[in-house]
Amino acid sequence: MAVSGDFSWPPPGKTDGRPWGESHGRRQAIGEGWIDSAPGSLQGTQLVVEDVDEARAFLVARGVEVTGVQRYPWGRFCFFSDPDGNGWSVQEPPAAA
């Protein structure tokens with residue numbers, strides 16, 4: 001299969017980065033126009049971290065209102081909303097068996 005076209009990344013006016021380094025294969029995209037929804041309507045975006053307590057402390061130290069850490073069979077979580085009202089969860093996955 002062949003694919004052709006102009007696939008320049010990121011598109012004009014957008015920012016793309018790999019805050020965890022090239023080897024992790026994770027990306028974040030920042031800018032306007034990525035999605036067509038009202039501010040505050042995005043709920044459930046999940047950040048996966050190695051240490052949820054450390055991530056929570058980082059957010060609290062910067063004035064973010066964050067829930068306490070909650071434990072579930074699928075990991076430990078805390079939750080917060082960004083200034084637009086979008087809801088985020090921060091997950092520490094359970095240790096591998």
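The values are calculated or read from the model by the stated rules, or taken from the named source; none is laboratory data. Everything numeric here is computed off the predicted structure, so don't read it as measured data. So basically every Cβ, Gly included, is an ideal-geometry build from the backbone, and we count neighbours across all protein chains shown.
For beta carbons closer than 7 Å, sequence separation of 6+ or different chains, a first residue in the range 71-87 that is closer than 16 Å to residue 50 by Cα and a second that is hydroxyl-bearing (Ser, Thr, Tyr) and outside any strand (DSSP E or B), the qualifying pairs are 78/67; 79/67. Scanning the range 34-54 for any residue that is assigned to a helix (DSSP H, G or I), within 17 Å of the chain's Cα centre (by Cα), small (Gly, Ala, Ser) and at pLDDT 65 or above turns up nothing.
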